[in-house]
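Participant: Just passing along the structure, written as structure tokens.
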């Protein structure tokens, strides 16, 4: 049950006094993160669980003001007047306060993620939207190869669904090793993300080592060769899980095939995991969710990506559902990774899935033209504006560079940008959003710049 608070600020403190504070020093940073990164979800909560109309929600932004044991407090505020339609100023929408109940109370901040996911699932279901799934998937590792200097493509497979079952429906399947999982692999979505279980492969390799040592023991006790508890702890990766985008999935004659492209950059848990995978291993995912790209269906769009989000942009271009081709700002540390988009064709269509990059098995470190000039893209109907930094792509300085390069491009090529989608490092994304809003005079909902990674 969702409770609607008084639509004024006068009695907010008294009204909220009936809820239990968590008194956790980390709450402020969590609230700031949600407010910066998840506005669309907060507006979805208000749409699903309050009496605010779609027209009213179009006029407001929202922010969490506090997190309680019982739920979250959300406050609305009017968008900046300069981006509101004429005659729509409505002071009654300013500083309205709402309380959204959790499905179950939380006892500590560590419980918040599970309850927040449940809230999102409930809201998305009510609104008829795709949502996050807490689903285990098991893929078989088939092959891996470089598609640019530092981008490793994992080729994964999964058994076919029954012929009378639609590909995107859920079904119980067994992989080549008999492991059963519930599967629903999307073939027509861009940016669909999976949470990969890195620990699964580390522990599986430890078991294989134990088994090999047993066979070599020559009569010694197996316990002399078993990996002990402390050794197994050392085998655990620094991060047990890591998100990667589903670059592409399609139905082949021998089952479902999928690509996952992993950017290899230094000594990282995800990169080390991907580079060590061998054909025949199983790859396990534990969570998945769709990307927010619906706002790109009309208008002139600009896509802003680095190596972590290039796979999303590539699939988005192949499935482009907008009569106006986008401008792609591609930021890479190494110039040789700019070749990633060389084989991507806009509007290739789902009928050509698996065929439009037929030469992708070849190593892309060849003499391909890496300057991504407009002339080489004419047949593909989209333009790539390359930015090569020669250093890790993070920080406010990069945001300033992207904004400046976009400004210079628009001076020479006057376009009216209507929509933005991007995904970058956390500090870069945070600094870039207001720069783009000011330069392009767009609302916050039209400038979607996601956080795909954090610089540690």
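Participant: Within the set of pairs 6 or more residues apart or between chains, which connect a residue that is over 19 Å from residue 450 (Cα atoms) inside the range 387-411 to a residue that is in a helix (DSSP H, G or I) and modelled with pLDDT of 95 or more with Cβ atoms less than 8 Å apart?
Facilitator: Qualifying pairs under 8 Å: 388/335; 388/338; 389/398; 389/401; 407/439.
Participant: Please verify whether residue 404 is in a helix (DSSP H, G or I) and touching a helix residue (DSSP H, G or I) at 6+ places or on another chain (Cβ under 8 Å), treating the condition exactly as stated.
Facilitator: Here the answer is no, as residue 404 does not meet what is asked.
Participant: Among (1) crowded, with 22+ Cβ neighbours inside 10 Å; (2) at pLDDT below 95, there is one condition residue 378 misses while meeting the rest; what is its number?
Facilitator: (1)
Participant: Across the range 324-343, which residue is surrounded by the most Cβ atoms within 10 Å (Cβ to Cβ) among those that are over 22 Å from residue 404 (Cα atoms) and in contact with a helix residue (DSSP H, G or I) (Cβ under 7 Å, 6 or more places away or on another chain)?
Facilitator: Here the residue is 340.
Participant: Of the conditions (1) surrounded by fewer than 14 Cβ atoms within 10 Å (Cβ to Cβ); (2) at pLDDT 95 or above, residue 321 fails just one. Which one is it?
Facilitator: Exception for residue 321: condition (2).
Participant: Please go through the range 29-71 and pick out each residue that is over 19 Å from residue 117 (Cα atoms) and either in contact with a strand residue (DSSP E or B) (Cβ under 7 Å, 6 or more places away or on another chain) or in a helix (DSSP H, G or I) (or both).
Facilitator: Selection gives 54, 55, 56, 57, 59, 60, 61.
Participant: Somewhere in the range 98-109, is a residue in a helix (DSSP H, G or I), at pLDDT below 95 and either closer than 18 Å to residue 257 by Cβ or not assigned by TED's automatic domain parsing to the domain that holds residue 330 (or both)?
Facilitator: Yes, the range 98-109 has at least one match.
Participant: What do you reckon, is residue 384 at pLDDT 95 or above, within 27 Å of residue 249 (Cβ to Cβ) and outside the structural domain of residue 62 (by TED's automatic domain parsing)?
Facilitator: yes
Participant: Starting from the range 112-123, keep only residues that are assigned by TED's automatic domain parsing to the domain that holds residue 46 and closer than 16 Å to residue 68 by Cβ, then list their pairs with residues that are modelled with pLDDT of 95 or more and surrounded by fewer than 16 Cβ atoms within 10 Å (Cβ to Cβ) whose Cβ atoms are within a distance under 7 Å, requiring at least 6 positions of separation or different chains.
Facilitator: 115/103; 115/104; 118/103
Participant: Related question: Residue 83 versus (1) at pLDDT 90 or above; (2) more than 21 Å from residue 32 (Cα to Cα); (3) surrounded by fewer than 18 Cβ atoms within 10 Å (Cβ to Cβ): which is the lone unmet condition?
Facilitator: That leaves (1) as the condition not met.
Participant: Taking the condition of being touching a residue at least 60 places away in the same chain (Cβ under 8 Å) and over 13 Å from the mean Cα position of the chain (by Cα), how many residues in the range 293-305 meet it?
Facilitator: Within the range 293-305, residues that are touching a residue at least 60 places away in the same chain (Cβ under 8 Å) and over 13 Å from the mean Cα position of the chain (by Cα) number 9.
The values are calculated or read from the model by the stated rules, or taken from the named source; none is laboratory data. Because the structure is predicted, anything quoted here is derived from the model rather than measured. Cβ sites come from the backbone with ideal geometry, for glycine too, and all protein chains shown count toward neighbours.
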